[in-house]
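Colleague: Structure below; questions to follow.
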Amino acid sequence: MNRRQFLLAAATAAVAAPSLSFSGRLFAAPASAPRFLLVFLRGGYDCNNLLVPYGSDFYYESRPTLAIARPDANNANSAIALDSQWGLNPVLRDTIYPLWQRKQVAFVPFAGTDDMSRSHFETQDNIESGEPTQQRSDYRSGFMARLSGALTDVPSIAFTDALPLSFQGGKKDIPNISLRGVAKPTFDDRQSAILSDMYKGTSLAAAAADGLELRQKVSKDLQDEMMKANRGAASAKNFAEETQRIATLMRQQYRLGFVDVGGWDTHVNQGSTTGPLANNLTNLGQGLAAYADALGDEWNNTIVVVVSEFGRTFRENGNKGTDHGHGTVYWVMGGRINGGRIAGSQVAVNAQSLLQNRDYPVLNNYRDLLGGLFNRTWGLSTGQLQNVFPGARPKDLQLV
């Protein structure tokens, strides 16, 4: 058995029997040691229907079918007011909003990377590498691996099918445990046969067959794009179902974790308070709230940051969805963070402030933001921070 197999076997055993003394002695960090979990939403989630800029008339002009209504006590599907400009998608009313009320979650709009490719793969790799876009020198080195190498007594783990780039290239051997489920086809043969039979023997039979074939192709193309964007990440539903396992390992053994969640590439029929995006946000919110609850008192020693490779276009497209954008909204959560606020540099939400007349601009670079958090959490030196994020200017947003 090699080291990787040994680590995985011990981690699996720890889930089944968390009191197992051997694995506990092998991996356990001090109970009160800080823990950090990075949640990566692969696919580029639509932050504008998470953190709703309800104070902007331009938002409602830009999204005739996708906009979430302004806060209204008589409308359960309206945004939940967080301040005079920003609201929360109501599908998170019972999960994330209570954490906001306890000042245990903050949102950072206009966040992201300097990568302008709007490519899932390039931007995901850019973020996970932690290097400046134009100065990447090591394409197999991730910032969390470098962070892990700078810390002592901080066991690390990835809740992923394969070791993510974030944790590659370091001196430590990082275990990974998959949460990925098996996806179901979106359009099966039985449905195709039923629809074909409806037109069999009519003048529309040929047109129906062509239409079904085209729909199958389009459906497959969209599914393929989403699967590629997901890069094998667990679905939001899988994440919600596996939260207990993540919490058990992070509470008892690990202090630095990574998990990715797929399904956020919403080009068609995205929805607002119902539909694919709302379903994903519901599952994500349930998972994160359950994670906080499962950690118990150790939630006070925990920081969770939710990121995505980019946001979506501010305006909805012709398919009632959104396309690849740039700036997005990050979440920062934890029992003792300085939450209950919208943090970081901001700009008015209007047509003039959009980047290239389509996206949120990036005013809060992820490397600076995370560098500031890591400095406050572990007291890293300037040299250590520059190794983790070369060329970054760590920015303390007073979140911890």
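Colleague: Please give, to one decimal in nm, the separation of the simple spin-label points placed at residue 84 and residue 269, each 7 Å out from Cα toward the Cβ.
Modeller: Rounded to a tenth, the inter-label distance reads 4.1 nm.
Colleague: Residue separation times 0.36 nm, minus the C-alpha to C-alpha distance between residue 76 and residue 94: what's the value?
Modeller: That pair, residue 76 and residue 94, stretches by 5.3 nm at full extension.
Colleague: Another question, then. So what is log10(I(q)/I(0)) for the range 324-400 at q = 0.16 1/Å, when the Debye sum runs over its Cα atoms only?
Modeller: -0.68
Colleague: Using 1/(1 + (r/R0)^6) with R0 = 25 angstrom and r between the beta carbons of residue 352 and residue 60, what's the FRET efficiency to the nearest 0.05?
Modeller: 0.90
Colleague: Which order do the peptides 324-330, 393-399 come out in when sorted by mean C-beta neighbours inside 10 angstrom, highest first?
Modeller: My ranking of the peptides, most packed first, is 324-330, 393-399.
Colleague: Of 237/320; 103/395; 171/237, which sit over 28 Å apart, Cα to Cα?
Modeller: Where the Cα-Cα span goes over 28 Å, the pairs concerned are 171/237.
Values quoted throughout were computed directly from the atomic coordinates according to the rules given, and no laboratory measurement underlies them. Fair warning: this is a prediction, and the values are worked out from it, not measured in the lab. Glycine also receives a Cβ, built like all others from the backbone with ideal geometry; neighbour counts cover every protein chain displayed.
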